[in-house]
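Undergrad: Starting off with a structure, shown below.
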Amino acid sequence: MDEFGIKVSQQGDVSVLRVKGYLDAHTAPELEKRMQELISQDRVRLVMELAELEYISSAGLGVFMAYVDEVRGRGGDIKFSSLTPRVYTVFDLLGFPILYEFFPETGEAVKRFPHADSADRGRA
Amino acid sequence: MDVNITSEFRHLARVRSLIEERADSVGFDRAAASEFILALDEALTNIIKHAYHSQPGHPIEIHLSMQSDEAYAEITDYGDAFDPDPVVSAAQHYKELPKHRGGLGIPLMERLLDAVEFDIRPGVRNVIRLRKRRKVA
Ligand SMILES: Nc1ncnc2c1ncn2[C@@H]1O[C@H](COP(=O)(O)OP(=O)(O)OP(=O)(O)O)[C@@H](O)[C@H]1O
Ligand SMILES: [Mg+2]
């Protein structure tokens, strides 16, 4: 079975989390830990790249719900990219697309964040 | 087929793949099988989290019956009882994502299955029955 894993990379001031495998109640704490680490380092512009995510249950969905208010309150967001139709269906069934942005490509999701310089001005 | 596990989340993956194999071997539709599997994962996760308060070592019995046109599971636990009626009725009226974390499992089960039934006998045992018919093409 495919191992669960998360790889984090930076694209400018946007953190891209490539989540792979099966995200359930067993693996969700790992995602939660990575999100907490990033947010504590003031990295609140987050893109979840889910192309290799095979499976998600409510335990995984709950992690996004737990942090979205905080990251938005700090000028960031959680955006999603490159979901397989099977995984997207689960988000869609519960109404995620009304409150979150989904993109076919990670690059588009990254570009949707305001540029770093304008964000810096905003912060100062 | 009967599968017995104890109340630890690490067993979820094994149960999911057992059901997937079983579905394949009886020719149950794959898309319907993956919806059934997610619903069953939600039921098991709730039992571990809420009925057994995430304490390990408690028994969960899964009885599975798979045919080419129908998947059926009966899950028994001996943890805390709860009143499913308000939760199920809220799930049936689910309209939008809640503001705070949680509360998605039973709405998912309601949407993914043809029938969900909670048969709770406080202090005796709790049974959850899940039924999914193959999508008619
Ligand atoms: N097997 C169970 N035993 C005891 N209580 C349960 C059980 N299943 C559900 N509940 C109760 O019903 C509530 C709703 O369950 P539901 O699965 O919809 O949400 P959740 O488990 O709280 O969060 P999520 O599933 O989104 O992670 C739970 O919070 C719990 O109080
Ligand atoms: Mg739940």
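Undergrad: Dipole of region A:5-123, Cα-centred, from +1 at each Lys and Arg C-beta and -1 at each Asp and Glu C-beta, to the nearest 20 debye?
TA: 180
Undergrad: Dipole of chain B (Lys/Arg Cβ +1, Asp/Glu Cβ -1, origin at the Cα centre): which of B:VAL26, B:PRO122, B:GLY102 lies farthest to the positive side?
TA: B:GLY102
Undergrad: Another question, if that's okay. Output ³J(HN,Hα) for region B:103-117: one whole-Hz value per residue in order, computed from phi by the Karplus curve 6.51 cos²θ - 1.76 cosθ + 1.60 with θ = phi - 60°, and x for Gly and Pro.
TA: Coupling constants for region B:103-117: x, 9, x, 6, x, 4, 4, 4, 7, 8, 10, 7, 8, 10, 9 Hz.
Undergrad: Output the relative contact order of region A:5-123, whole-number percent, from Cα pairs under 8 angstrom with separation of 6+ residues.
TA: Numbers: 184 pairs, mean separation 29.6, N = 119.
25 percent.
Undergrad: Taking 8 Å as the Cα distance limit and 6 or more residues as the minimum spacing, I'd like the relative contact order of chain B as a percentage.
TA: Details: 238 pairs, mean separation 39.9, N = 137.
Result for chain B is 29 percent.
Undergrad: Now a separate question. Using a 7 Å offset from the Cα along the Cα-to-Cβ direction at both A:ASP92 and A:GLN41, what is the distance between the two label points in nm, to one decimal?
TA: 3.5
Undergrad: Take chain B, mark every one of the trypsin sites (Lys or Arg not before Pro) that falls in a DSSP loop and has at most 10 other Cβ within 10 Å, then report the longest stretch left between them, sites excluded. If you can, show how the numbers build up before the last one.
TA: Values: sites that count: B:LYS95, B:LYS99, B:LYS135.
The segment B:1-94 is the longest one with no such site.
Undergrad: On to the next question. B:GLU117 versus A:LYS7, label points 7 Å from Cα toward the beta carbon: distance in nm?
TA: 4.8
Undergrad: Let me ask another. Of the residues A:VAL110, A:VAL14, A:VAL90, which exhibits the maximal mean-square fluctuation in a Gaussian network model of chain A defined by a 10 Å Cα contact cut-off?
TA: Looking only at A:VAL110, A:VAL14, A:VAL90, the largest GNM fluctuation is found for A:VAL90.
Undergrad: Between B:ALA81 and B:ARG129, what is the spin-label point distance in nm, taking each point 7 Å from the Cα along the Cα→C-beta axis?
TA: With each label placed 7 Å out from Cα toward Cβ, I get 1.9 nm.
Undergrad: Taking the Cβ of B:MET1 as the center, what net charge do the other residues with Cβ under 11 Å away carry, scoring Lys and Arg +1 and Asp and Glu -1?
TA: Result for the neighbourhood of B:MET1: -1.
Undergrad: If you take the beta carbon distance between B:ALA31 and A:ARG74 as r and set R0 to 51 Å, what does 1/(1 + (r/R0)^6) give as a FRET efficiency, to the nearest 0.05? Provide the component values of the computation, followed by the final result.
TA: Details: r = 39 Å, r/R0 = 0.77.
Efficiency for this residue pair is about 0.85.
Undergrad: Let me ask you something else. Quick one: net charge around A:ARG112, please, counting Lys, Arg +1 and Asp, Glu -1 for every other residue with C-beta under 9 Å from its C-beta.
TA: Details: positive: A:LYS79, A:LYS111; negative: A:ASP77, A:GLU101, A:GLU108.
Counting the neighbours of A:ARG112, the net charge comes to -1.
Undergrad: In a shell of Cβ-Cβ distance under 12 Å around B:LEU44, excluding B:LEU44 itself, what net charge do Lys and Arg (+1) and Asp and Glu (-1) give?
TA: Numbers: positive: B:ARG10, B:ARG14, B:ARG16, B:LYS49; negative: A:ASP24, B:GLU8, B:ASP41, B:GLU42, B:GLU61, B:ASP77.
So the surrounding residues net to -2.
Just so you know, all these numbers are worked out from the coordinates, no wet-lab data involved. All values derive from a computational prediction rather than experimental measurement. Methodologically, a virtual Cβ is constructed for each residue, glycine included, from the backbone with ideal geometry; neighbour enumeration extends over all protein chains shown.
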